[in-house]
Amino acid sequence: MRVARPLSLFAALSIALAGAVGTATAAPAPASEAAAGSGYAAPTMLHCKLNVRSATKSSATVLRTLRNRNGNCPGKGGHDSVPCWLNKCGGITAGGSYTCQSGGKSYKSWLPVKHQGKRAWVAIKCGTYVTP
């Protein structure tokens, strides 16, 4: 009996932690702007915002800022997303260099997305993309 109780507590804690990890890494629901079947891009739990830019360089005009307001990110609940330009979020392109946070690693991978019916770009290493 004394052994059973700690084991059952350990099992319950393990199940709760597994559920929490699954929730923290789960993909956000697509926004109403996202096209069905094409996938979408969104900020991660680590990087609370993701800029949609006019070109594949960090100095390009910011057309929109996507925000993650869940978990550790500031603000009330909600998670923005933008539809991918190509089906299944394809077409990742090498472009200008960027970092996701000051002093962080440098990347050059950009994902084409759809902003107001036109092609735009996100620094995909600072976000995530989800396909259907």
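Every residue in region 79-115 that is over 14 Å from N51 (Cβ atoms) and not in a strand (DSSP E or B), please.
Scanning region 79-115 gives W85, L86, N87, K88, C89, G90, G91, I92, S102, G103, G104, K105.
For region 89-115, what are the residues that are modelled with pLDDT of 95 or more and open to solvent by 80 Å² or more (accessible area, probe 1.4 Å)?
The answer is A94, K108.
Working only within region 116-132, note down all residues that are crowded, with 19+ Cβ neighbours inside 10 Å and outside any strand (DSSP E or B). Before the answer, list the steps.
Kept after step one, since they are crowded, with 19+ Cβ neighbours inside 10 Å, are these residues of region 116-132: 120-129.
I124, K125, C126, listed by residue number.
Considering only residues that are part of a loop (DSSP other than H, G, I, E, B) and either free of Cβ contacts under 8 Å to residues at least 24 places away in the same chain or of a type in the set (D, E, K, R) (or both), which ones fall in region 48-73? Talk me through it step by step, then tell me what you get.
Residues of region 48-73 part of a loop (DSSP other than H, G, I, E, B): 48, 54-61, 69-73.
Within region 48-73, K57, T61, R69 meet the criteria.
Out of (1) open to solvent by 60 Å² or more (accessible area, probe 1.4 Å); (2) more than 24 Å from T131 (Cβ to Cβ); (3) in a strand (DSSP E or B), what's the single condition that is false for K76?
(3)
Any chance region 17-35 includes a residue that's hydrophobic (A, V, I, L, M, F, W, C), assigned to a loop (DSSP other than H, G, I, E, B) and at pLDDT 90 or above?
Of region 17-35, the ones hydrophobic (A, V, I, L, M, F, W, C) are 17-18, 20-21, 24, 26-27, 29, 31, 34-35.
Add one more test, that the residue is assigned to a loop (DSSP other than H, G, I, E, B), and what stays is 26-27, 29, 31, 34-35.
This time we only want the ones that are at pLDDT 90 or above, so: none.
For region 17-35, residues hydrophobic (A, V, I, L, M, F, W, C), assigned to a loop (DSSP other than H, G, I, E, B) and at pLDDT 90 or above: absent.
Scan region 59-68 for residues that are surrounded by 15 or more Cβ atoms within 10 Å (Cβ to Cβ) and out of contact with any Lys or Arg (no Cβ under 6 Å at 6 or more places or on another chain) and report the count.
4
Looking for something farther than 13 Å from K125 by Cα, without any contact (Cβ under 8 Å) to a residue 12 or more places away in the chain and among the hydroxyl-bearing types (S, T, Y) - is there at least one such residue anywhere in region 89-107?
Yes, that holds for at least one residue.
The values are calculated or read from the model by the stated rules, or taken from the named source; none is laboratory data. All of these numbers come straight from a predicted model, not from anything done at the bench. Quick reminder, even Gly has a Cβ in these numbers, built from the backbone with ideal geometry, and neighbours come from all protein chains shown. What goes into the accessible areas is simple: the full protein's heavy atoms, side chains included, and nothing from ligands, DNA or RNA. Shrake-Rupley method; radii C 1.70, N 1.55, O 1.52, S 1.80 Å.
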